[in-house]
Amino acid sequence: MATIVAGIPIPSSDPLFLGGVAAHVAFGLTAVASGAVAMLSPKGRGRHTRAGAVYVWCLTALAASAAGLAAVRWAEDARLFLLGVGAAACAWGGRFAARRTALRVHAPAMGASYVLMLTAFYVDNGPNLPLWRDLPPIANWTVPSLVGAPIILWALFRHRLLRPIRPQGR
């Protein structure tokens, strides 16, 4: 028996499962918001690193809750588990790279983690969302990358901290 919340069907009425979904949604909303703050903040110590740390930890909790939810419905949710693990792995790789001042690795890794997180959201919820429900199912898999990849590339080529260093006098 499904439970409907804000027009989105939750495939269970079990209170434990619904509690897991509630925690998962809270981690997801916090990850989306903190990731956006980190992306839009001036880079370096301060707001960017604080929001980035919140993002990485919430994304880790999001992936862990996705694993728990997928374990209950593996046949239906294995792909979501894999997207969550991929997103968390990219985020941790990006965090590790930033600590080693490898910013040309940090930025695309964090961007990829955000794209994977949004892909998982749309793959799972797109068929129930206004506008998205009218798109072909492949859009749920591709639109986050089609939007995110150019932004990541733009940052790599345009952001002053990420541009390749050019020798003086040439």
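Annotation note: Cβ proximity below 6 Å between a residue of the range 129-146 that is free of Cβ contacts under 8 Å to residues at least 40 places away in the same chain and a residue that is aromatic (Phe, Trp, Tyr) (sequence gap 6+ or interchain) occurs for Asn140/Tyr122. The set of residues in the range 57-94 being surrounded by fewer than 20 Cβ atoms within 10 Å (Cβ to Cβ) and under 19 Å from Ser41 (Cβ atoms) consists of Trp57 alone. Whenever a residue of the range 38-58 is of a type in the set (A, V, I, L, M), its partners that are assigned to a loop (DSSP other than H, G, I, E, B) and surrounded by fewer than 18 Cβ atoms within 10 Å (Cβ to Cβ), lying with C-beta atoms within less than 9 angstrom and at least six residues away or across chains, give the pairs Ala51/Ser41. Among the conditions (1) over 21 Å from Ala36 (Cα atoms); (2) crowded, with 17+ Cβ neighbours inside 10 Å, the only one that Val115 does not satisfy is (1). If you go through the range 1-55 and keep only what is modelled with pLDDT under 85 and touching a Cys at 6+ places or on another chain (Cβ under 6 Å), you end up with nothing. The set of residues from the range 37-58 being under 15 Å from Ala109 (Cβ atoms) and assigned to a loop (DSSP other than H, G, I, E, B) comprises just one member, Lys43. For the range 1-36, a residue qualifies if it is more than 18 Å from Asn125 (Cβ to Cβ), over 13 Å from the mean Cα position of the chain (by Cα) and not in a loop (DSSP other than H, G, I, E, B), and the qualifying residues are Pro15, Leu16, Gly19. Among the numbered conditions (1) crowded, with 18+ Cβ neighbours inside 10 Å; (2) within 18 Å of Ser145 (Cβ to Cβ); (3) of a type in the set (A, V, I, L, M), the only one that Ala98 does not meet is (2).
Any chance the range 35-49 includes a residue that's surrounded by 19 or more Cβ atoms within 10 Å (Cβ to Cβ), closer than 27 Å to Ala2 by Cα and of a type outside the set (Gly, Ala, Ser)? No, every residue in the range 35-49 fails to be surrounded by 19 or more Cβ atoms within 10 Å (Cβ to Cβ), closer than 27 Å to Ala2 by Cα and of a type outside the set (Gly, Ala, Ser).
The values are calculated or read from the model by the stated rules, or taken from the named source; none is laboratory data. It should be emphasised that the depicted structure is a prediction, and the values quoted were computed from it without experimental measurement. FYI the Cβ positions are ideal-geometry reconstructions off the backbone, even for glycines, and counts take in every protein chain you see.
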